[in-house]
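Structure first, commentary second.
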Amino acid sequence: MENGENGQLSEILQTLSGTLIDDGSPVAVILAAGHGKRIKSDRSKMLHEIWGVPTVLRVANAASTGLETPNQIIVVGIKAREVAEKTGKATNRLFVYQKEQKGTGDAARVALSGLASYQNLRDVYILPGDMGLITPEVVHQLRTEFEKSEHGMMILTGKFSGDIPENTYGRILRVPEFDAEGKPSDADRGKVIEIKEHKDILALPDGKDYEITYNKRRYRFRKSDLLEIREYNAGVYAVKYRHLSNFIGKLTPDNVQGELYLTDIISIFNQNGISVGAYTVSDDSAVIGFNVKSVLREMETIARRKVWMQLRDIIFIEDEDDFFIADEVVHQILELDAKQPPLDIEIGKGVYIGKNVQLSHGVSIRSGSSLVGNIVIGKGAKIHERVSLSTYSNQMMIIGKNCTIMRGDMLKGNVRIGDNTSIESSVIVTGSDEFPAVIGNNVTIKGTTYIFGSVIEDDLFIEHSVIKCKKVERTVRKDGTIQPVRWVMPPPQGLDIISNI
């Protein structure tokens, strides 16, 4: 990157950065500098979405909720501008730039550079930006375990349940029952000695034991024993700031990759009498990271399954493997169920419901429909198959009580529809910022009809018409019926360039 581009990026990151709360609250460090070559995408790995949210933002949100503090540092590198802008500005979030991706240890060192001006730092929590299924509960439990311990560092670990040859995670080496001389390890048994990366284990010579010293005693591991270890490093760490800042400079690239491994800080801590603990998650899916598309898809499937498990006995979902309901709507449904059950909400196969949609009791959304934007659906409303409802971020769509929006209809923008109105098939309704579409109560619109920026009064019947920026008044005829609107079309344009052949 040229100096001009560096300066521009620095200015952008500074603009997006806030300041930390310097009161001793925890600080989350999100490692989001890597691009992920194996994902085979021009988009940064950190911006691939899991259940509708970029993975880096999912990690950031879980960290802020779980740690009960907004203090965050996001380390960006490749595609830095895109990652920072997508993550977004927050009052207590900082962005720092890792110019070269030289490993997690270097990323942590870069993050610490952003903390130099703060005086009351205590605990730092380091999380990879691709761990998009991590939950606030897991982060909170790690904090709880770390704060009640006397450790200088605590590692979040998982238990690998697959076939050993498929386990490419770094192994957790704990103090075994006996040392190299056959003497009991006593009080040290089970403590974390180090994390041994899979590639480094494979690089060990066959037939030669791996020896390491812990608390002035030697311990011996066979290469096969190391490979058989199922407890793995999840890549999430809680660490005392003073220890991390004191010893981060002692990391060396003495490994197969030639990178600075943050995991090597464990050996350094142990050598300096700083104990390291580990907390194992009960749900390994919460600590999955991804490097390839197949794993990303697996994570999406897990996320969908978790939503299904939350909602399966509250609303009806036609196909548990084919639906999307944004987290915000899931929370809304759960709150509604807690306050006013039963809900009688039905969601068809392939339905997509975005984060700013509000549902009500008795709503039915049938297969293939998409709702994206600021949309309020009234009680008892029926959205039929393949309906598209959408707004821009500054617009609002309101569908009244007991309305029916029929198959294939498209409603866009600022639209307000009253109660008991029926929008039948092949209808398009659009409202702009300047000209909202307002449709009254008990209206029926059918046929190949297009309504743009118009006001339709109550009780009207409209069929096969194109109505743009008009007011359609409710007019009662002499026989007491209401005048319908049919075949209303604007004057044709372009007739002068059309001729017979």
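What the table shows:
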{"item": "In order through the stretch 257-264: 3J(HN,Hα) via Karplus (6.51 cos²θ - 1.76 cosθ + 1.60), integer Hz, x for Gly, Pro", "result": "7, x, 10, 8, 8, 5, 4, 5"}
{"item": "Ranking of 151, 331 by count of other Cβ atoms within 10 Å, fewest first", "result": "331, 151"}
{"item": "Cα coordinate range in the stretch 312-492, projected on the principal axes (Å, largest first)", "result": "53, 33, 25"}
{"item": "Long-range amide H partners of residue 280 with built H, under 5 Å", "result": "157"}
{"item": "Rounded to 5, percent antiparallel among DSSP beta bridges of the chain", "result": "25 percent"}
{"item": "log₁₀ of I(q)/I(0) at q = 0.19 Å⁻¹ - the stretch 427-501, Debye sum with one point per alpha carbon", "result": "-0.78"}
{"item": "Estimated dipole of the stretch 312-492 in Debye, rounded to 20 [Cβ of Lys and Arg +1, of Asp and Glu -1, Cα centre]", "result": "820 debye"}
{"item": "Charged-residue dipole, Cβ positions (Lys, Arg, Asp, Glu), the stretch 294-339 about Cα centre, Debye nearest 20", "result": "160 debye"}
{"item": "Sparse-neighbourhood loop sites, GluC sites (Glu not before Pro) in the stretch 272-355 - DSSP loop, at most 15 other Cβ within 10 angstrom", "result": "318, 320"}
{"item": "Residue (of 138, 497, 94) at the positive-pole extreme of the chain, dipole from beta-carbon charges", "result": "497"}
{"item": "Cα-based Rg of the stretch 3-287 normalised by 2.2 N^0.38 Å, two decimals", "result": "1.01"}
{"item": "For 206, 186, 283, 123, order by how many other beta-carbon atoms lie within 10 Å, fewest first", "result": "206, 186, 283, 123"}
{"item": "Segments 107-113, 422-428, 144-150 sorted - mean Cβ within 10 Å per residue, highest first", "result": "107-113, 422-428, 144-150"}
{"item": "With Cα atoms, 0 to 90° folded angle of helix 136-148 axis to the chain main axis", "result": "30 degrees"}
{"item": "Crossing angle, helix 327-339 versus the chain [Cα axis fit, 0-90 degrees, rounded to tens]", "result": "80 degrees"}
{"item": "Mean Cβ count within 10 Å, highest first, over the residues of peptides 455-463, 128-136", "result": "128-136, 455-463"}
{"item": "481, 104 arranged by Cβ crowding within 10 Å, fewest neighbours leading", "result": "481, 104"}
{"item": "MRE, 222 nm, helices only [DSSP H, n ≥ 4, -39500 (n - 2.57), over the chain, to nearest 500]", "result": "-7000 deg cm²/dmol"}
{"item": "For residue 466, distant residues with modelled amide H under 5 Å away", "result": "450, 488, 489"}
{"item": "Burial ranking of peptide ranges 473-480, 251-258, 491-498, 438-445 (average Cβ count within 10 Å, highest at the top)", "result": "438-445, 251-258, 473-480, 491-498"}
{"item": "Pairwise FRET efficiency - residue 206 versus residue 180, Cβ, R0 = 22 Å, nearest 0.05", "result": "0.70"}
{"item": "C-alpha long axis of helix 55-67 to longest principal axis of the chain, angle in °", "result": "70 degrees"}
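No value in this document is a laboratory result; all are computed from the given coordinates. Remember, it's a predicted structure, so these values are computed and weren't measured experimentally. For neighbour counting, all protein chains shown are included, and Cβ atoms are generated from backbone atoms with ideal geometry for every residue, glycine included.
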